[in-house]
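Read through the structure below, which is laid out as structure tokens, and then see the notes.
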Amino acid sequence: MSSLALDLELDSALTLSQAAMGCEFQIRQVEGPACRQLREIGFCEQMRVKKLTNGRNMLCTICGTRLALSKDLADQIMVIPA
Amino acid sequence: MSTQSSEACVALVGHPNTGKTTLFNALTGQNQKIGNYTGVTVEKRSGDFFTPHGKKIELVDLPGCYSLIPNSPDEAVTRDALLGDLSEEETPDLVLCVLDAANLERHLYLLQQVLDLGCPVLAVLNKVDLAEQMGLRIDPAQLSKDFDIPFIAISGNKQRGVTQLKQAIRFPLPQAPGRCWQGSPEIEKTLKHLEKTLAEQNIPRPAAHAIQALSDPTYEVGNLTAPTGLDEQISKKRFEIIQAAIDNGVRRPDQSPLSLTDKLDHWLLHPFWGWAFFSVLMFTVFWSIFRFAETPMGWIESLQTATQNWIGSFMSEGDFKSLIIDGIIAGVGGVLVFLPQIILLFFFISLLESSGYMARAAYLMDGIMNKVGLSGKSFLPLLSGYACAIPGIMATRTIPNAKERLATILILPWTSCTARLPVYVLIIPLMVTGTFAQGAALFGIYALGTITALLTAKILKPRLGAAEAPQFILELPPYHRPQISYILKQVWERASAFLKKAGTVILGLSIILWFLDTYPKSDSDDPVVQQAASFNGKIGKAIEPIVAPLGWDSRMGTAMIASFAAREVFRSSLAISYATDEEEEETLRAQLTASTRKDGSMLYTPLVGLSIIIFFIYALQCLPTTAVVRRETNSWKWALAQLGGMTLFAYLAALIVYQTGLLLGFT
């Protein structure tokens with residue numbers, strides 16, 4: 001994907017904390033101070049993630065694993081609808 | 001690189017919750033030993049097993065980690081073990097990389113990192129049965145081709161595939177395939193340069209150290225300054241390889257139906273029902289500890305009395321008989337009687353862990369923990385503290401934030417450990433009657449300790465220096481049927497540790513206490529006069545002015561001093577000192593109920609009982625804990641401040657409770 005197309009797509013992307021509950025998304029970008037830690041635990045670009053709950057600590061599933069993560073971490077994950 | 005007796009050293013590597021330890025147990029059976037890695041307080045679990053060809057293999061279970069870029073001291077041990085940087089530890093001849101087949105995408109990154117270090121690797125696809133249930137189609141042959149290493153599918157829980165795995169660990173061991181990706185010219189050039197520099201500095205395995213140094217800017221090796229900024233590129237390269245391997249070898253169903261875990265979590269993590277369940281569950285645990293332990297405790301007490309009578313029947317009167325009956329049997333028996341409660345507590349903790357609920361409890365507790373500046377990550381160490389402060393303090397190593405970890409260590413001894421249980425169980429029935437009320441009192445004691453600990457964390461945390469807000473990320477494993485073998489193993493380990501303590505430390509202290517209670521001898525036959533003349537009587541008299549404002553007599557004061565070596569000794573000490581009284585009561589509790597002050601008033605009133613309990617909730621009477629805190633914080637300052645602070649707090653709290661009680665008209 002060209003960088004312009006990626007930029008346009010990122011413009012329409014949401015953070016995981018903004019994303020709607022109960023829906024499935026694809027991760028477009030992981031950016032922020034904890035991005036390495038997030039990638040290592042499974043939040044990598046292209047992965048599909050389903051957000052299960054909202055709140056200060058949100059629940060989501062990624063590759064069949066349930067993870068709880070705080071809002072400041074979820075803010076570092078940009079997603080688009082899958 | 002193997003030890004003299006074994007022919008190869010094999011290391012187990014994997015994420016937490018991948019079933020690594022289950023596989024370790026399945027392979028090694030009973031041939032295990034637990035030690036520590038030199039210089040660090042990380043537990044080392046190793047064992048032996050034989051391949052079908054009769055070759056002896058040493059298996060080391062390395063601490064679980066998500067990546068070789070460590071976030072905690074545990075994870076650093078895994079990295080150093082693979083790089084051969086641990087002194088006195090051998091570099092593994094083969095690495096068994098345990099991957100969760102149900103979440104393969106997340107686990108391949110660690111495998112990729114291990115391969116990049118140039119280790120010979122055998123990939124173990126665990127939980128294949130679970131993956132099949134989820135509708136996943138995994139092609140191990142394709143994965144083997146992509147990564148150029150064998151992939152063995154097993155189900156550790158059901159012991160399926162373990163024999164095939166043993167057969168795969170055959171000699172000659174698999175060769176290291178090495179790095180299976182080519183970086184940008186900049187990366188390759190830098191790697192070559194680093195490798196050359198490290199080789200010149202005589203660093204073993206320079207290629208492995210070079211890739212590690214380039215992937216992790218915080219990693220230090222030799223006199224090397226690795227350029228920063230390339231780690232992101234390396235990480236992206238690795239993910240590209242993984243993504244391609246997943247596309248080739250794994251097919252996921254488009255829509256997965258709601259699993260049992262989804263349905264259970266809907267209720268158990270609910271903002272209201274989740275908490276309701278958690279509270280009821282915790283209360284049930286404490287109630288059960290009282291209720292179900294009653295009968296076996298009665299048996300142990302009867303056995304103790306019968307043994308005392310039986311031995312007493314054929315021994316002539318004298319100091320030796322007194323040592324055996326009043327010293328050893330009363331002292332050790334007084335502590336052994338709590339074995340059923342300790343077994344029950346560990347049974348419940350292991351049950352919750354094994355069923356997958358414990359992580360949910362951490363999730364629920366994160367909200368509360370956050371209000372006091374901690375995170376849900378502190379919950380598991382604090383909960384372990386209810387069993388024993390030492391493993392609890394060691395478990396804080398999983399907390400990445402240093403300030404949060406220190407605050408957790410400092411408050412942890414206020415979560416009441418099992419050593420306090422004998423004291424609580426002895427004193428509570430002197431205060432309230434009825435199993436329900438006693439269960440509620442025990443629950444209240446635990447709640448009081450916990451609430452004080454959390455409030456202290458809130459006060460303490462900002463004073464420990466500025467730190468970033470704790471970030472919370474936690475894996476919630478699927479619920480599964482508790483593994484009875486795991487539970488029994490945990491209970492057995494803890495019960496045998498308790499019995500060992502009773503047979504060594506408590507036996508020794510019981511003999512010393514008996515000696516201090518018996519000598520020097522007085523001319524009088526009156527036990528009260530004899531007690532006053534003994535060393536203990538004198539110590540008790542000396543500290544009576546200090547403990548009298550708490551409502552205690554000199555014997556309680558002596559028992560309290562003795563309990564600083566180990567809390568359980570409080571009960572032994574009372575058992576020994578009251579065993580010499582005139583009253584021929586059967587149990588210690590009956591002896592305490594019957595004991596009086598000099599003016600004839602009852603000694604163990606509910607208010608005195610409360611004062612004792614308050615002291616025991618807050619006092620840090622455990623020298624091994626202080627030693628572990630010193631080791632974990634690497635500072636005597638924190639360890640001694642904790643010991644002094646908690647003792648002073650305990651004294652003042654007991655003083656306030658007793659004196660306020662008196663003012664309010666309680667006796």
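A compact table of results
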{"item": "Pairs with Cβ under 9 Å, 6+ apart, first in the stretch B:142-167 and modelled with pLDDT of 90 or more, second among the basic types (Lys, Arg)", "result": "B:Ala153/B:Arg160; B:Ile154/B:Lys127; B:Ile154/B:Arg160"}
{"item": "B:Ile246, sole failed condition from (1) in contact with a helix residue (DSSP H, G or I) (Cβ under 6 Å, 6 or more places away or on another chain); (2) more than 10 Å from every other protein chain (Cβ to nearest Cβ)", "result": "(2)"}
{"item": "Unmet criterion (only one of (1) in contact (Cβ under 8 Å) with a residue 12 or more places away in the chain; (2) out of contact with any Ser or Thr (no Cβ under 8 Å at 6 or more places or on another chain)) for B:Asp517", "result": "(2)"}
{"item": "Matching residues, the stretch B:103-135, being hydrophobic (A, V, I, L, M, F, W, C) and touching a residue at least 40 places away in the same chain (Cβ under 8 Å)", "result": "B:Leu104, B:Leu108, B:Leu110, B:Val114, B:Leu115, B:Leu117, B:Cys119, B:Val121, B:Leu122, B:Val124, B:Leu130, B:Met134"}
{"item": "Residue check, B:Ala565 modelled with pLDDT of 80 or more and farther than 15 Å from B:Leu592 by Cα", "result": "no"}
{"item": "Breaking point among (1) assigned to a helix (DSSP H, G or I); (2) surrounded by fewer than 16 Cβ atoms within 10 Å (Cβ to Cβ); (3) without any contact (Cβ under 8 Å) to a residue 24 or more places away in the chain, for B:Ala210", "result": "(2)"}
{"item": "Search result, residues across the stretch B:528-562 that are at pLDDT below 80 and either surrounded by fewer than 16 Cβ atoms within 10 Å (Cβ to Cβ) or at positive phi (or both)", "result": "B:Val528, B:Val529"}
{"item": "Selected residue (criterion: modelled with the lowest pLDDT) from residues of the stretch B:43-67 that are surrounded by fewer than 22 Cβ atoms within 10 Å (Cβ to Cβ) and among the β-branched types (Val, Ile, Thr)", "result": "B:Thr51"}
{"item": "Any hit, the stretch B:587-604, residues being in a helix (DSSP H, G or I), under 33 Å from the mean Cα position of the chain (by Cα), at pLDDT 80 or above and under 14 Å from B:Leu426 (Cα atoms)", "result": "no"}
{"item": "Considering residues of the stretch B:181-191 that are surrounded by 12 or more Cβ atoms within 10 Å (Cβ to Cβ) and within 44 Å of the chain's Cα centre (by Cα) only, the residue farthest from B:Asn223 (Cα to Cα)", "result": "B:Trp181"}
{"item": "Elements of type helices (runs of 4 or more DSSP H) in the stretch B:56-134, at least 2 residues being within 12 Å of chain A (Cβ to nearest Cβ)", "result": "B:104-116, B:128-133"}
{"item": "Residues located in the stretch B:192-203, provided they are among the polar types (S, T, N, Q) and either outside the structural domain of B:Glu232 (by TED's automatic domain parsing) or surrounded by 12 or more Cβ atoms within 10 Å (Cβ to Cβ) (or both)", "result": "B:Thr197, B:Gln201"}
{"item": "Test: B:Gln483 is more than 14 Å from every other protein chain (Cβ to nearest Cβ), modelled with pLDDT of 80 or more and under 20 Å from the mean Cα position of the chain (by Cα)", "result": "yes"}
{"item": "Among (1) closer than 21 Å to B:Trp414 by Cα; (2) among the basic types (Lys, Arg); (3) without any contact (Cβ under 8 Å) to a residue 40 or more places away in the chain - the single one B:Lys377 does not satisfy", "result": "(3)"}
{"item": "Residues of the stretch B:332-359 satisfying the condition of being within 14 Å of another protein chain (Cβ to nearest Cβ) and part of a helix (DSSP H, G or I)", "result": "B:Tyr357, B:Met358, B:Ala359"}
{"item": "Residues of the stretch B:99-147 satisfying the condition of being of a type in the set (S, T, N, Q) and within 21 Å of B:Lys166 (Cα to Cα)", "result": "B:Asn126, B:Ser144"}
{"item": "Counted residues, the stretch B:218-242 - those being within 12 Å of another protein chain (Cβ to nearest Cβ) and either under 37 Å from the mean Cα position of the chain (by Cα) or of a type in the set (Lys, Arg) (or both)", "result": "9"}
{"item": "Selected residue (criterion: farthest from B:Lys458 (Cα to Cα)) from residues of the stretch B:351-374 that are touching a strand residue (DSSP E or B) at 6+ places or on another chain (Cβ under 8 Å) and not aliphatic (A, V, I, L, M)", "result": "B:Gly356"}
{"item": "Members of the stretch B:587-601 found to be in contact with a helix residue (DSSP H, G or I) (Cβ under 8 Å, 6 or more places away or on another chain) and farther than 19 Å from B:Asp326 by Cβ, listed by number", "result": "B:Thr593"}
{"item": "Wholly enclosed strands (runs of 3 or more DSSP E) of chain A bearing at least 1 residues of a type in the set (Gly, Ala, Ser) and either surrounded by 17 or more Cβ atoms within 10 Å (Cβ to Cβ) or modelled with pLDDT of 90 or more (or both)", "result": "A:65-70"}
{"item": "Among the candidates B:Glu583, B:Glu632, residue that is of a type in the set (Asp, Glu) and either outside any helix (DSSP H, G or I) or at pLDDT 95 or above (or both)", "result": "B:Glu583"}
{"item": "Criterion (surrounded by fewer than 20 Cβ atoms within 10 Å (Cβ to Cβ), part of a helix (DSSP H, G or I) and either out of contact with any Lys or Arg (no Cβ under 9 Å at 6 or more places or on another chain) or of a type in the set (Phe, Trp, Tyr) (or both)) met by exactly one of B:Ile324, B:Ile329", "result": "B:Ile324"}
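Yes/no per residue for (1) facing chain B (nearest Cβ under 9 Å); (2) farther than 23 Å from B:Val114 by Cβ; (3) of a type in the set (A, V, I, L, M, F, W, C):
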| position | (1), (2), (3) |
| --- | --- |
| A:Gly22 | no, yes, no |
| A:Ile41 | yes, no, yes |
| A:Arg48 | yes, yes, no |
| A:Gly64 | yes, no, no |
| A:Ser70 | yes, yes, no |
| A:Met78 | no, yes, yes |
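Table: residues versus (1) surrounded by 18 or more Cβ atoms within 10 Å (Cβ to Cβ); (2) of a type in the set (A, V, I, L, M, F, W, C); (3) in contact (Cβ under 8 Å) with a residue 12 or more places away in the chain.
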| site | (1), (2), (3) |
| --- | --- |
| B:Arg205 | yes, no, yes |
| B:Leu214 | yes, yes, yes |
| B:Glu220 | no, no, no |
| B:Glu232 | no, no, no |
| B:Ile246 | yes, yes, yes |
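The values are calculated or read from the model by the stated rules, or taken from the named source; none is laboratory data. This one's a predicted model, so the numbers in the text were calculated from it and none came from an experiment. Glycine also receives a Cβ, built like all others from the backbone with ideal geometry; neighbour counts cover every protein chain displayed.
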